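The values are calculated or read from the model by the stated rules, or taken from the named source; none is laboratory data. This structure is a prediction, so every number in the text was calculated from the model and none was measured. Heavy atoms of the whole protein, side chains included, go into the accessibility calculation; ligands, DNA and RNA do not. Shrake-Rupley method; radii C 1.70, N 1.55, O 1.52, S 1.80 Å.
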Amino acid sequence: LDVRAQPSKGLDALPARTWDVLVTMGCGDACPHVPARQRLDWNIPDPIGRGLAEARRIRDDLQQRVRTLLAPGAPGGS
């Protein structure tokens with residue numbers, strides 16, 4: 001997943017709607033309420049301060065989870 005052209009956005013930039021799936025990263029921060037039919041907490045470690053190999057492992061894990069989520073038949077999938 002190439003996110004280089006995707007700037008970070010605040011929640012205020014999201015359209016007001018109920019989302020099919022909301023994924024939180026398990027950072028332990030309080031999450032504001034965002035309406036969603038399904039909520040998933042993936043508990044992904046923060047790559048900041050970790051070595052390049054660990055950051056790549058986290059990236060690859062996240063990529064696989066997104067691919068699984070978007071697979072046909074998966075909640076939120078096509």
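Quick one: which residues, 5 or more positions from Val23 or on another chain, have an amide H under 5 Å from its amide H? H modelled 1.01 Å from N in the peptide plane, none for Pro or chain starts.
Leu40
Where the accessible area of the chain is counted over protein heavy atoms with a 1.4 Å probe, how much of it, in %, is carbon and sulfur?
So the carbon and sulfur contribution to the accessible surface is 56 percent.
Can you list residues from other chains, or at least 5 along the same chain, whose modelled amide H is less than 5 Å from the amide H of Ala36?
So Ala36 has HN proximity to Trp19.
When only C-alpha pairs under 8 Å and at least 6 residues apart count, what is the relative contact order of the chain, in percent?
23
Under the Karplus relation 6.51 cos²θ - 1.76 cosθ + 1.60, θ = phi - 60°, what is the ordered set of whole-Hz ³J(HN,Hα) values for the range 4-17, x standing for Gly and Pro?
In residue order, the calculated couplings are 4, 8, 10, x, 5, 10, x, 4, 5, 7, 6, x, 6, 6 Hz.
Check Ile44: other-chain or 5+ apart residues with amide H under 5 Å from its amide H, H built from backbone geometry?
It is Gly26, by chain and number.
Could you give the semi-axes, largest first, of the ellipsoid that matches the chain, computed as the square roots of 5 times the alpha carbon gyration tensor eigenvalues and rounded to whole Å?
Each semi-axis is the square root of five times an eigenvalue, giving 22, 17, 13 Å.
Once the Cα atoms of helix 52-70 and of the chain are each reduced to a long axis, what angle between those two axes, in degrees from 0 to 90 to the nearest 10, is obtained?
30
How much mean residue ellipticity at 222 nm does the chain get from its helices, if each DSSP H run of length 4 or more adds -39500 (n - 2.57) and you divide by all residues, to the nearest 500 deg cm²/dmol?
Rounded to the nearest 500, it is -8500 deg cm²/dmol.
What length, rounded to one decimal in nm, is gained on full extension from Arg67 through to Ala13, with 0.36 nm per residue of separation minus their alpha-carbon distance?
Value of the extension gain: 17.0 nm.
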